[in-house]
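Participant: First the structure, which I've put down as structure tokens, then a few questions once you've had a look.
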Amino acid sequence: MEIVGSGFLARHLAPLTEAHDEVVAFAAGPSSTRATDAAEFDREAAALYAWVRRCRADGRLLLYFSTASASMYGGAEGPGREDGPVLPGSAFGRHKLAMEGVLKASAPRHLILRLGHAAGPGQRPHQLVPALVRQVVAGRVLIQRGACRDLIAVAHAVGLVERLLSAGVVNDVVNVASGTAVSVEEIVTHLEGRIGVRARREYVRAAGPQTPVSVDRLRRLLGGGEGVPPFPGDYYRTVLDACLTADSGSPVGVEPNPDRGGHRP
């Protein structure tokens with residue numbers, strides 16, 4: 001596998017470089033679902049177009065990482081499905097859907113993976129878990145009221161990518177997520193317990209409807225069984241714990257301290 005990109009996801013895909021010689025994994029582009037910079041979107045589009053041309057010429061499969069976040073499925077009625085109507089409510093979601101359209105129209109061999117909120121070691125500070133940890137430690141958390149997130153460990157996500165490629169899935173769109181939506185409130189509560197801080201919670205209105213992500217297609221393609229979503233309802237806790245203890249047993253550089261005080265919500 002040839003990997004395009006050098007960020008969080010690209011680094012975790014590195015173990016797959018010795019396999020799947022016929023695959024180019026495009027893991028570049030904006031890493032925040034809140035991205036709005038047109039120039040950033042243009043750079044990703046230009047890079048993707050170039051790789052579409054190369055893969056058309058040499059016959060390799062172009063693997064593209066889209067999003068299964070509320071940016072894509074926020075306007076869906078019911079669980080977000082790959083074959084259902086999607087009405088992206090943000091610039092990031094609209095951009096990702098447009099890039100999916102380019103692949104469907106122009107890349108003879110492609111695979112589009114709509115990824116949930118992947119979390120794990122080496123995330124950038126603006127990404128979900130590091131950003132929430134930083135706010136909890138500071139004693140003040142801003143929460144979109146009613147907001148939910150589908151967390152998946154990046155190691156699990158990469159394992160599912162490998163299984164989809166090994167199964168020969170091509171020219172398809174697949175959600176790669178845990179299949180369980182957890183409220184941001186619950187995420188913050190778990191982080192508070194692990195770090196030992198009670199943060200003051202401030203609320204804003206959620207950007208749009210919050211819908212779970214369907215993993216029915218993923219499960220069907222992989223035949224179900226162990227290690228295939230949906231994962232248990234408390235799965236998010238293991239994902240968060242792994243993030244918190246990734247660096248020398250410290251939660252993103254903060255030593256756990258159950259006696260440490262903070263602002264109560």
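Participant: Taking Ala47 and the conditions (1) hydrophobic (A, V, I, L, M, F, W, C); (2) open to solvent by 30 Å² or more (accessible area, probe 1.4 Å); (3) modelled with pLDDT under 95, which numbered condition does it fall short on, given that it satisfies the others?
Facilitator: (3)
Participant: Are there any pairs with C-beta distances below 7 angstrom linking a residue in segment 136-149 that is on the phi > 0 side of the Ramachandran plot to a residue that is surrounded by 15 or more Cβ atoms within 10 Å (Cβ to Cβ), with the two at least 6 apart or on different chains, and if so which?
Facilitator: Short answer, once both residue conditions are applied: Gly139/Val197; Gly139/Ala199; Gly139/Gly262; Gly146/Ala206; Gly146/Gln210.
Participant: Moving on. Out of segment 200-245, which residues are aliphatic (A, V, I, L, M) and surrounded by 15 or more Cβ atoms within 10 Å (Cβ to Cβ)?
Facilitator: Once the filter is applied, which keeps residues that are aliphatic (A, V, I, L, M) and surrounded by 15 or more Cβ atoms within 10 Å (Cβ to Cβ), segment 200-245 yields Ala206, Ala207, Val213, Val215, Leu218, Leu221, Leu222, Val228, Val239, Leu240, Ala242, Leu244.
Participant: Could I ask something else about it? Determine if segment 30-39 includes at least one residue that is charged (D, E, K, R), modelled with pLDDT of 95 or more and either surrounded by fewer than 20 Cβ atoms within 10 Å (Cβ to Cβ) or under 27 Å from Thr238 (Cα atoms) (or both).
Facilitator: Within segment 30-39, none of the residues are charged (D, E, K, R), modelled with pLDDT of 95 or more and either surrounded by fewer than 20 Cβ atoms within 10 Å (Cβ to Cβ) or under 27 Å from Thr238 (Cα atoms) (or both).
Participant: Can you tell me how many residues in segment 60-82 are at pLDDT 95 or above and either among the aromatic types (Phe, Trp, Tyr) or open to solvent by 40 Å² or more (accessible area, probe 1.4 Å) (or both)?
Facilitator: Residues that pass the stated criteria total 4.
Participant: Is it the case that some residue within segment 113-122 is open to solvent by 40 Å² or more (accessible area, probe 1.4 Å), modelled with pLDDT under 95 and under 17 Å from Gly29 (Cβ atoms)?
Facilitator: The answer is no, given that none of the residues of segment 113-122 is open to solvent by 40 Å² or more (accessible area, probe 1.4 Å), modelled with pLDDT under 95 and under 17 Å from Gly29 (Cβ atoms).
Participant: Of the residues that make up segment 88-97, is at least one open to solvent by 20 Å² or more (accessible area, probe 1.4 Å), among the hydroxyl-bearing types (Ser, Thr, Tyr) and modelled with pLDDT of 95 or more?
Facilitator: No, because not a single residue in segment 88-97 is open to solvent by 20 Å² or more (accessible area, probe 1.4 Å), among the hydroxyl-bearing types (Ser, Thr, Tyr) and modelled with pLDDT of 95 or more.
Participant: Separate question: Residues of segment 1-29 being touching a strand residue (DSSP E or B) at 6+ places or on another chain (Cβ under 7 Å) and either of a type in the set (D, E, K, R) or open to solvent by 50 Å² or more (accessible area, probe 1.4 Å) (or both), which ones?
Facilitator: Glu2, Thr17, Glu22 - these are the residues of segment 1-29 that are touching a strand residue (DSSP E or B) at 6+ places or on another chain (Cβ under 7 Å) and either of a type in the set (D, E, K, R) or open to solvent by 50 Å² or more (accessible area, probe 1.4 Å) (or both).
The values are calculated or read from the model by the stated rules, or taken from the named source; none is laboratory data. Keep in mind that this is a model prediction, so the values were computed, not measured. Methodologically, a virtual Cβ is constructed for each residue, glycine included, from the backbone with ideal geometry; neighbour enumeration extends over all protein chains shown. Surface accessibility is based on the protein's heavy atoms, side chains included, excluding ligands, DNA and RNA. Shrake-Rupley method; radii C 1.70, N 1.55, O 1.52, S 1.80 Å.
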